[in-house]
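The values are calculated or read from the model by the stated rules, or taken from the named source; none is laboratory data. Just so we're clear, the structure is a prediction, and the values are computed from it rather than from any experiment. Every residue, glycine as well, gets a Cβ built from its backbone with ideal geometry; the counts of neighbours run over all protein chains shown. Side chains are part of the model used for accessible areas, which takes the heavy atoms of the whole protein and leaves out ligands, DNA and RNA. Shrake-Rupley method; radii C 1.70, N 1.55, O 1.52, S 1.80 Å.
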Amino acid sequence: MNNVKYVFLLSLIFFVSCNYFERMDPVSQAFIGDRSGVFRGIEFDVSIEEVKEAEYGELLDEDNDFLHYIDRPEGASTNDFLDIQYFFNGAGELDMITAFYSLNNLEMIQTIEKDVYEYFTRKYGRSQSDEIGWHVWEYNTRRGQAGVVELSMKVNVEDGFRGIELEAVKYIKLQ
């Protein structure tokens, strides 16, 4: 009976998060990408090759432990771009994603920040805040291990760029 309740609860959370995604601003949808996975349809613990198959941005640089993409989402202004980096551990598995969405429109930055936070909250449940102000959600890896996604979203002005920064880091939760 507990398994049935658990499956029902997960299905309800997924259904609610799917509906919310459809109501988000199209630029926020472009930032998140595909609803599956942690970000842009990509799950932690996947290989470099799996990220290459799933990521639809333009590959700028790669090495044996990182991939660097740029994307200019449809609906964004001509000067706006999304800079995404994927980092892999010694086993060749994805364990960190960083993304900086350079936008000149402060209202759009605030909209994306609100939409992305709400999306992750609906997907993973209520977040906790850690000692440095990151939002922290617990989740299960593809292997069923208990893990933690830490997400830092901040409006940032860096080297003349203004936008929103997202970092998703996977840790295995110690029992």
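Condition check ((1) in contact with a Phe, Trp or Tyr (Cβ under 8 Å, 6 or more places away or on another chain); (2) touching a residue at least 12 places away in the same chain (Cβ under 8 Å); (3) of a type outside the set (S, T, N, Q)) across all residues:
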position: 102; (1), (2), (3): yes, yes, no
position: 105; (1), (2), (3): no, yes, no
position: 111; (1), (2), (3): no, yes, no
position: 114; (1), (2), (3): no, no, yes
position: 122; (1), (2), (3): yes, yes, yes
position: 131; (1), (2), (3): no, no, yes
position: 135; (1), (2), (3): yes, yes, yes
position: 140; (1), (2), (3): no, no, no
position: 145; (1), (2), (3): no, yes, no
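Inside region 90-136, can you point out the residues that are at negative phi, small (Gly, Ala, Ser) and open to solvent by 40 Å² or more (accessible area, probe 1.4 Å)? Listed by number, the residues that qualify are 90, 91, 129.
Scanning region 64-92 for residues that are out of contact with any helix residue (DSSP H, G or I) (no Cβ under 9 Å at 6 or more places or on another chain), among the charged types (D, E, K, R) and at pLDDT 90 or above yields a total of 1. Residues that are without any contact (Cβ under 8 Å) to a residue 40 or more places away in the chain, open to solvent by less than 20 Å² (accessible area, probe 1.4 Å) and assigned to a loop (DSSP other than H, G, I, E, B) within region 66-79 are absent altogether. Among residues of region 33-59 that are at positive phi and open to solvent by less than 60 Å² (accessible area, probe 1.4 Å), those with a Cβ under 8 angstrom from a residue that is polar (S, T, N, Q) and not in a helix (DSSP H, G or I), sequence gap 6+ or separate chain, pair up as 45/141. Taking the criterion of being charged (D, E, K, R), in contact with an Asp or Glu (Cβ under 9 Å, 6 or more places away or on another chain) and part of a strand (DSSP E or B), the only residue of region 44-65 that qualifies is 58. For region 30-63, taking the residues that are among the β-branched types (Val, Ile, Thr) and more than 14 Å from the chain's Cα centre (by Cα), the one that is modelled with the lowest pLDDT is identified as 46.
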